Amino acid sequence: MHYPPEPFRIKVIEPIRLISPEKREAKLIDAGYNLFLMKAEDIFIDLLTDSGTGAMSQEQWAAIMRGDESYAGARSFHRLKCAVEDIFGFKYFVPTHQGRAAENILSACLVKPGQYVPSNMHFDTTDANIRARGGHPANLVIDEAFDPANPHPFKGNMDINKLQAFIEKIGVANIPFGMVTVTNNAGGGQPVSMSNLKAIADVYHEYGIPFFIDAARYAENCYFIKQRESGYECKCVKEIAHEMFSLADGMTMSAKKDAIVNIGGLLCVNDERLFQDIKNELILREGFPTYGGLAGRDLDAMAVGLYEGLDESYLAYRLGQTAYLACRLNEAGIPTIQPAGGHGVYINAGAILPHIPNYEFPAQALAVELYREGGIRGVEIGSVMFACLDPETGIWHYPKLELLRLAIPRRTYTQSHMDYVADSLAEIKCHAESIRGYKFTYAPELLRHFTARFEPL
């Protein structure tokens with residue numbers, strides 16, 4: 001396929017090294033076969049996450065030098081405030097140190113034990129923050145999301161019939177707020193259409209339920225709308241973003257994604273009373289409301305990055321790079337979620353390793369094998385991350401998809417890096433039947449994929 005050229009040139013480089021196969025094996029053993037627990041210096045190509053791992057621009061580095069480190073009311077905050085109001089349009093906001101901090105504060109203010117929070121699909125930290133408050137996350141994505149080969153252009157869409165039935169069953173009093181994630185990370189980085197967002201907003205507001213958008217990758221989602229949804233071809237991404245956020249009552253955002261910064265997040269709302277509660281919780285946990293756990297220089301970098309993330313030449317390159325890697329993998333017979341998502345390629349590990357049952361973690365096995373083969377780090381999105389035990393029945397519930405996510409950091413890797421990743425996976429496919437599963441030797445109750453340890457079966 002055509003690979004769009006990078007709309008930048010490289011000014012600073014960071015050396016990376018490929019250690020020997022013998023050393024890679026030793027590092028896996030030391031880390032308990034959990035790639036989160038490995039030293040970054042032992043990774044050749046790091047596709048663990050696109051969160052905070054992108055390359056900042058010369059304008060962002062220049063903005064860092066303007067950072068105002070005043071404790072309260074810093075100029076850096078007010079520069080960020082102008083950008084947030086211009087792009088998102090909410091009445092009130094606070095900065096946070098990252099997205100999960102925003103989720104934690106929102107959950108602390110609104111979620112009571114036994115309540116439910118519906119979404120298309122909650123990702124790991126959102127899911128965990130709701131559970132940590134005694135709540136229950138509910139995933140109501142369309143059925144097409146669970147068919148990796150289905151070419152539906154908006155597989156992140158929420159099923160509106162499911163949402164209405166869920167609200168009627170659970171009751172409005174038991175739903176403190178509703179969400180949608182754009183793009184849908186847990187389901188392959190798939191976008192949500194504007195028509196679906198409008199339908200979601202209509203349902204939530206019909207029942208008087210506040211509507212929040214998980215906006216970590218909103219710019220990528222808006223560009224997909226421009227590409228794929230009728231009536232948006234001639235609108236700029238910023239216009240589409242305005243329309244998207246006008247539908248919601250608030251948003252959480254990890255700015256480490258589409259604002260292309262190494263640290264930072266946002267929590268935005270329209271409700272003044274809720275905003276007061278948010279500020280009180282923020283002061284207790286994060287810091288004063290005008291810095292929210294960040295240095296002034298981080299606020300300035302975020303203010304610049306929010307605009308750079310909307311640049312359409314950058315977004316064309318960004319989504320093109322992801323599509324290129326997916327195409328290379330598909331040519332090698334490696335199944336991925338179709339169509340390619342925004343921030344990463346999601347490999348159908350269950351299809352590559354059908355002999356490994358979900359309780360032996362096929363996606364984790366493929367992740368380990370990819371590091372063993374090429375020094376490449378990806379992340380499991382399957383039963384390690386999302387399988388859960390029903391405390392009432394003692395039955396384990398497993399996710400429908402066993403995926404290996406290759407999240408591509410922004411403005412970081414080149415086409416030759418993507419070719420190397422594809423070639424490494426093609427080699428693995430040749431001996432896939434010899435790969436075996438894993439079992440836990442340690443796993444915490446929440447967010448276990450971060451610190452769990454394994455051993456091969």
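Shape of the stretch 22-80 from its Cα gyration tensor (a ≥ b ≥ c, root eigenvalues): rounded if a/c is under 1.5, otherwise prolate when a/b > b/c, or oblate? Provide the component values of the computation, followed by the final result.
Details: a/c = 4.16, a/b = 2.86, b/c = 1.46.
Judged from the Cα gyration tensor, the stretch 22-80 comes out prolate (a/c at least 1.5, a/b above b/c).
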Mean Cβ-within-10 Å packing, highest first, puts peptides 109-117, 23-31 in the order 109-117, 23-31
For the stretch 13-18, in residue order, the Karplus 3J(HN,Hα) values (coefficients 6.51, -1.76, 1.60; θ = phi - 60°; whole Hz; Gly and Pro = x) are 10, 10, x, 10, 9, 9
In cubic angstrom per residue, the convex hull of the chain built on its Cα atoms measures 140
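Label the stretch 192-341 by shape, choosing from rounded, prolate and oblate, from the square roots a ≥ b ≥ c of the eigenvalues of the Cα gyration tensor; if a/c is under 1.5 it is rounded, and otherwise prolate applies when a/b is larger than b/c, oblate when it is not. Each step should come with its number before you reach the end.
Numbers: a/c = 2.09, a/b = 1.40, b/c = 1.49.
Oblate, since a/c reaches 1.5 and b/c is not below a/b.
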Log10 I(q)/I(0) at q = 0.15, 0.18, 0.22, 0.30 Å⁻¹ for the stretch 115-173, from Debye over equal alpha-carbon scatterers, is -0.50, -0.68, -0.89, -1.16
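Would you compute, from DSSP H runs of 4+ residues alone, the mean residue ellipticity of the chain at 222 nm, taking -39500 (n - 2.57) per run and dividing by the full residue count, rounded to the nearest 500?
Numbers: 17 runs with 185 residues, N = 457.
Rounded to the nearest 500, it is -12000 deg cm²/dmol.
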The stretch 191-248 and the stretch 370-396 have their Cα centres apart by a whole-number Å value of 30
The alpha-carbon pair-distance distribution computed for the stretch 225-311, with 5 angstrom bins and whole-percent values, is 3, 12, 18, 21, 18, 15, 6, 5, 2, 0
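Only Cα pairs under 8 Å and at least 6 apart count here; give the relative contact order of the stretch 246-341 as a rounded whole percent.
Working: 80 pairs, mean separation 22.6, N = 96.
This gives 23 percent for the stretch 246-341.
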hull vol. (C-alpha, convex hull) per residue for the stretch 1-145, Å³ -> 254
Once amide hydrogens are built 1.01 Å from N within the peptide plane, the residues lying 5 or more places from residue 336 or on another chain with amide H under 5 Å from its amide H are 348
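Would you mind putting 126-133, 345-352 in packing order, based on average other-beta-carbon counts within 10 Å, highest first? Write down the numbers at each step before the final one.
Numbers: 126-133: 22.5, 345-352: 25.4.
So the peptides 126-133, 345-352, ranked by packing, come out 345-352, 126-133.
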Given backbone amide H placed at 1.01 Å from N, residues whose amide H is under 5 Å from that of residue 250, ignoring those fewer than 5 places away on the same chain, are 211, 213
Residue-ordered couplings for the stretch 342-352, obtained by feeding phi - 60° into the Karplus form 6.51 cos²θ - 1.76 cosθ + 1.60 and rounding to whole Hz (Gly and Pro as x), are x, 9, x, 9, 10, 8, 7, 5, x, 7, 6
Karplus ³J(HN,Hα) for the stretch 151-161 (6.51 cos²θ - 1.76 cosθ + 1.60, θ = phi - 60°; Hz, whole; x = Gly/Pro) runs x, 3, x, 9, 6, x, 4, 7, 7, 5, 5
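Once fully extended, how much extra length lies between residue 398 and residue 146, figured as 0.36 nm per residue of separation less the alpha-carbon to alpha-carbon distance? Let's see the in-between values first.
Working: separation 252, 0.36 × 252 = 90.72 nm, distance 1.30 nm.
That pair, residue 398 and residue 146, stretches by 89.4 nm at full extension.
Report Rg/Rh for the stretch 290-441, rounded to two decimals, where Rg is the Cα radius of gyration and Rh the Kirkwood radius.
Details: Rg = 18.3 Å, Rh = 17.3 Å.
Taking Rg over the Kirkwood Rh, I get 1.06.
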Under a 1.4 Å probe, counting only protein heavy atoms, residue 205 has an accessible area in Å², nearest 10, of 90
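Report, please, the projected area of the stretch 70-142 averaged over directions, based on the convex hull of its C-alpha atoms, in nm². Walk me through the numbers before you get to the answer.
Working: hull surface 25.3 nm².
That works out to 6.3 nm², a quarter of the Cα hull's surface.
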Sorted by chain and number, the residues with a modelled amide H under 5 Å from that of residue 88, at a separation of 5 or more or across chains, are none
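The values are calculated or read from the model by the stated rules, or taken from the named source; none is laboratory data. Since this is a predicted model, take the numbers as computed values, not measurements. Using ideal geometry, Cβ is built from the backbone for each residue, glycine included, and neighbour counts are taken over all protein chains shown. Just the protein is used for accessible areas: all its heavy atoms, side chains included, with ligands, DNA and RNA removed. Shrake-Rupley method; radii C 1.70, N 1.55, O 1.52, S 1.80 Å.
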